[in-house]
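A short reminder: the numbers here are calculations on the coordinates, not readings from a lab. As the structure is a computational prediction, the values presented were derived from the model and not from experiment. So basically every Cβ, Gly included, is an ideal-geometry build from the backbone, and we count neighbours across all protein chains shown.
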């Protein structure tokens, strides 16, 4: 018997391994109505997929439209199913996979509270300046910095602040838009 046809403990031992999971940023244009966010989150939840980042905001007040940006990690075949199921939801107008369309512009905002005195305080201010983080609140014992940028920039800033007295972090989640002149 061929080795590749030997049972592996799974009932599906003959199937080939599927592609690796990939990170994708989806932009979903929807009617701004109660319950749509729960329906979209439920679609992911029912299939056992995690949402790594989720942001929602009304983008066209006159038309009553909101834009939902979802970042998830899935295998290509599953991601295609998710997109098709999203498109079938009644209040959904468009679904764009910004990752497939090219390098989207992605940004996030974070508020980072750091406590410290003396040298740690000076070092925190120096690092914040290098990262173009703004001081939005200050006391004699702490700072709150506002930083925007790509998620990896924010992660790097947070990691540098940890030994200096990081107290807490609040992040908005990713917002993204495709490059070029074409609208969503």
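Just checking, how many residues over the stretch 80-93 are outside any loop (DSSP other than H, G, I, E, B) and either touching a strand residue (DSSP E or B) at 6+ places or on another chain (Cβ under 6 Å) or within 11 Å of residue 36 (Cα to Cα) (or both)?
Within the stretch 80-93, residues that are outside any loop (DSSP other than H, G, I, E, B) and either touching a strand residue (DSSP E or B) at 6+ places or on another chain (Cβ under 6 Å) or within 11 Å of residue 36 (Cα to Cα) (or both) number 5.
I need the full set of residues from the stretch 27-46 which are touching a helix residue (DSSP H, G or I) at 6+ places or on another chain (Cβ under 7 Å) and outside any helix (DSSP H, G or I), in order please.
27, 28, 30
From the list 152, 159, which one is under 18 Å from the mean Cα position of the chain (by Cα) and within 30 Å of residue 98 (Cβ to Cβ)?
152
Just for strands (runs of 3 or more DSSP E) wholly inside the stretch 110-181: which have at least 3 residues that are in contact with a strand residue (DSSP E or B) (Cβ under 6 Å, 6 or more places away or on another chain), under 28 Å from residue 68 (Cβ atoms) and in contact (Cβ under 8 Å) with a residue 40 or more places away in the chain?
Once the strands (runs of 3 or more DSSP E) in the stretch 110-181 are filtered for at least 3 residues that are in contact with a strand residue (DSSP E or B) (Cβ under 6 Å, 6 or more places away or on another chain), under 28 Å from residue 68 (Cβ atoms) and in contact (Cβ under 8 Å) with a residue 40 or more places away in the chain, what remains is 166-171, 175-177.
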